[in-house]
Amino acid sequence: MGTVMIFNKVLVGLGLSVVVMQPVWAGLPDGISSGDTTSTSTVLWARSSQAGNVHFQVKDAANVIVDQSVSVTDPLVPAKLFVNQLDAGKTYTYEVTGPKGRVSTGSFKTAAAEGNHALSFGVTGDWRGELAPYPAIKNVPARELDFFIKLGDTIYADYPSPAVSAEQAQTLEEYRLKHEEVYGRHLGMNSFARLQKNVSIFSTIDDHEVQNDFAGGALASACGCFPETTGFVNQTALYSNGLQAFVEYNAIADQRYPVVGDELTDGRPDLYRSQRYGKTAGVYILDARSFRDLELDGVTDITSAAEIGGFIAQSFDAFTPATTRTMLGRKQLDRLKADLLAAQNDNIVWKFVAVPEPIQNLGVLAASDRFEGYASERSELLGFIHDNAIENVVFISADIHGTIINDLTYQRREDVLNALATVGNPLAAAQIKTSAFEITTGSVAFEPGFGDSVLALLAAVPNGDLLLAQLFAGVGVSDLQGFNNLPMEVKNAALQSLINSQLNPLGYTPVGLQDNKLIKAKLVKGSNTALFSFGWTRFDIAPDTQILKITTYGIAPYTEQNLADNSAEVIGRQPKIVSQLVVKPQL
């Protein structure tokens, strides 16, 4: 079928719009996708712009093996088809035909069941609707990946955008419109459609699929953010609407926790995923929102030893009789621990844990929302990995809108409680090094990014101006404008030094893997940070040596106003390597 031309209203200025003529896929405007692909199954996905039957056909090299239609009654609700009885380690093509005859073709690869193989995958997170069409990921389709992980904040339901101008999405339709916005075509380009048609996806939520910083395991009445006064946040209308739209707009199965008399999890969406790729790797994808407890109050004065010590003590549940606070929820944490241990016992080389919030120590600034705010659970997980000698564990996270690579250390809760009892300082407890490390990735398009957000936070907190002055002096500028004019590499190095200046007094390891002899890593390009760019991260495992190469791509960040002023320049930006790391496995 040929491409048709229609008039499509596109936002080109703040409060202004013009009508332009651009090509769209007539019947399948958001493209097609496969996801949740295992060794024997996949989920196929497409959104039709008209009601009627969406036809799916799957072929191997010789035969048509699936030929089935899905009825669409509401064009805002995508069509899905679960396909099973596939062969492991095999590439399939699939064809989707819309109600008006529009055909689109894609492919996916099932996971290998046995042996050591090459494996390549990508990860990113965090993109806002008004910043589409996302040139930061336009080089993904050329990279021939086995799968791609969308690691949360796939919409921003609590930010106004052209699709939904309200400050917070409320209705199911509004949440659906938010998703349709990010997966639709803008300025003649649809980066996600190009990515997803030939690369199977996994996807999980962070907070903005529902509401900023929501804690699904907290009482709805606790934060005053929800109209409900009874039940958990994961029982509210906003959560239900947000999660339904998320599952609808991703090629993932609608899995639910069983009803067993657990009021926290009964019938809730189950986003945990565990998938092996032969003996090469296991991938574990977490939901860090639906069952978490309410976060702690944050540190307001980052120079106050008393406030810092108090926050760390609370994060270890020092003032409660038991370790009760959780980010993951007990059921999900136990599943992860069991899967990691089984992978180690079965000689799976690499174990990748994809969790939206960072688990590395980044300091107390804005730590409440990260794993540092749930330190007891963090220590339980890292202690389990360390005590059971589970090797080659790589955590991958997003959320902070920048890339930071660091090893993972932890304190045992009993040591922290003992330090508090004996010297009154939780930092006196020893830090234990592990062989695990983390890389954060993204954002695809969130403005401001990590670097600019940190600068804004420092300008707003008590004594933060002293750190800003130190930062500026270190690179020979006097103010923020001068700093912003510096090359990206210089800004990354300067902010990395600033982060280290906050980690060192807490006894945390500096950014990078160079100080941990348990990890055989070499930085081959760029630095351990990419804090002033939009982008994504690629993971490649060599079939013979099982050596892991981690490559982060990026473009210069942009704003909605930049898109309005010069869209051609923005969407013409080419992702380039900003960081590359090689890691040898422990075999």
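Just so you know, all these numbers are worked out from the coordinates, no wet-lab data involved. Worth saying up front: this structure is predicted, and the values here are computed from it rather than measured. As a convention, Cβ positions derive from the backbone with ideal geometry for all residues, glycine included, and neighbour counts pool all protein chains shown.
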(message) List the residues, sorted by chain then number, that are 5 or more residues from Ile149 or on another chain and whose placed amide H is less than 5 Å from its amide H.
(response) Gly122, Val123, Thr124, Phe202
(message) Quick check: from the Cα gyration tensor, does the stretch 149-306 come out rounded (a/c under 1.5), prolate or oblate?
(response) rounded
(request) Answer with one residue from His208, Gly474, Ile390: the one whose Cα lies farthest towards the positive end of the charge dipole of the chain, charges on Cβ with Lys, Arg +1 and Asp, Glu -1. (result) Ile390
(message) Assuming 0.36 nm per residue, please report the length gained on full extension of the stretch Thr230 to Leu518 beyond their Cα-Cα distance.
(response) 98.9 nm
(message) Nearest 500 deg cm²/dmol is fine: what mean residue ellipticity at 222 nm does the chain get from its DSSP H runs of n ≥ 4 alone, each adding -39,500 (n - 2.57), divided by its residue count?
(response) -7000 deg cm²/dmol
(message) Could you list Ile577, Ile359 so that the one with the fewest beta carbons within 10 Å of its beta carbon is first and the one with the most is last?
(response) Ile577, Ile359
(request) Run the dipole for the stretch 116-584 about the Cα centre, Lys and Arg Cβ at +1, Asp and Glu Cβ at -1, nothing else charged, and hand back the magnitude in debye, nearest 20. (result) 1820 debye
(message) With the crude spin-label approximation of a point 7 Å out along Cα→Cβ, what separation in nm comes out for Ser120 versus Val70?
(response) 2.8 nm
(message) Which order do the peptides 292-298, 332-338 come out in when sorted by mean C-beta neighbours inside 10 angstrom, highest first?
(response) 292-298, 332-338
(message) Please give me, ordered by residue number, the chymotrypsin sites (Phe, Trp or Tyr not before Pro) of the stretch 231-328 that lie in loop per DSSP and have at most 16 other Cβ atoms within 10 Å.
(response) Phe319
(message) Which of the three applies to the stretch 27-110, rounded, prolate or oblate, going by the alpha-carbon gyration tensor with a ≥ b ≥ c and a/c under 1.5 meaning rounded?
(response) prolate
(message) What distance in nm lies between label points placed 7 Å from Cα along the C-beta direction at Ser478 and Asn418?
(response) 5.4 nm
(message) Given axes a ≥ b ≥ c from the Cα gyration tensor, I'd like to know whether the stretch 477-564 is rounded (a/c under 1.5), prolate (a/b larger than b/c) or oblate.
(response) oblate
(request) Give me Ser34, Ser379, Ser274, Ser165 ranked fewest to most by other Cβ atoms within 10 Å of their Cβ, as a rough exposure proxy. (result) Ser165, Ser274, Ser379, Ser34
(request) Report, as a whole number in µm² per second, the diffusion coefficient that Stokes-Einstein gives for the chain at 4 °C and 1.567 mPa s using the Kirkwood radius over alpha carbon pairs. (result) 53 µm²/s
(request) Could you tell me which of Ala460, Ser501, Ile550 has its Cα farthest along the dipole of the stretch 458-587 towards the positive end, charges placed at Cβ (Lys, Arg +1; Asp, Glu -1), taken about the Cα centre? (result) Ile550
(message) If you take every DSSP beta bridge fully contained in the chain, what fraction is antiparallel? Give it as a percent rounded to 5.
(response) 75 percent
(request) Among the listed pairs Lys520/Lys549; Lys525/Lys576; Lys90/Lys549; Lys138/Lys522, give every one whose C-alpha distance is greater than 19 Å. (result) Lys90/Lys549; Lys138/Lys522
(message) I'd like the distance between the alpha-carbon centres of the stretch 44-66 and the stretch 116-168, rounded to an integer number of Å.
(response) 24 Å
(message) So if each residue of separation counts as 0.36 nm, and I subtract the Cα-Cα distance between Phe384 and Leu365, what length gain in nm does that give?
(response) 4.2 nm
(message) I'd like to know which of Gly184, Asn198, Thr171 lies farthest towards the positive end of the charge dipole of the stretch 145-258, counting +1 on Cβ of Lys and Arg and -1 on Cβ of Asp and Glu.
(response) Asn198
(message) Expected output is a single nm value to one decimal: the length gained when fully extending between Glu144 and Ala460, i.e. 0.36 nm times separation in residues minus the C-alpha distance. What is it?
(response) 109.4 nm
(request) On a C-alpha basis, how far is the centre of the stretch 375-436 from the centre of the stretch 198-219 in Å? Whole number, if you could? (result) 24 Å
(request) For the stretch 27-110, give the magnitude of the charge dipole about the Cα centre (Cβ charges: +1 Lys/Arg, -1 Asp/Glu; no others), in debye to the nearest 20. (result) 140 debye
(request) Tell me the label-point distance for the pair Thr105, Arg256, using the 7 Å Cα-to-Cβ offset, in nm and rounded to one decimal. (result) 3.9 nm
(request) Can you tell me the 0 to 90 degree angle between the C-alpha axis of helix 330-345 and the longest principal axis of the chain, rounded to 10? (result) 90 degrees
(message) Exceeding 29 Å between C-alpha atoms, which entries from my cross-link table qualify? They are Lys331/Lys517; Lys109/Lys150; Lys197/Lys584.
(response) Lys331/Lys517; Lys197/Lys584
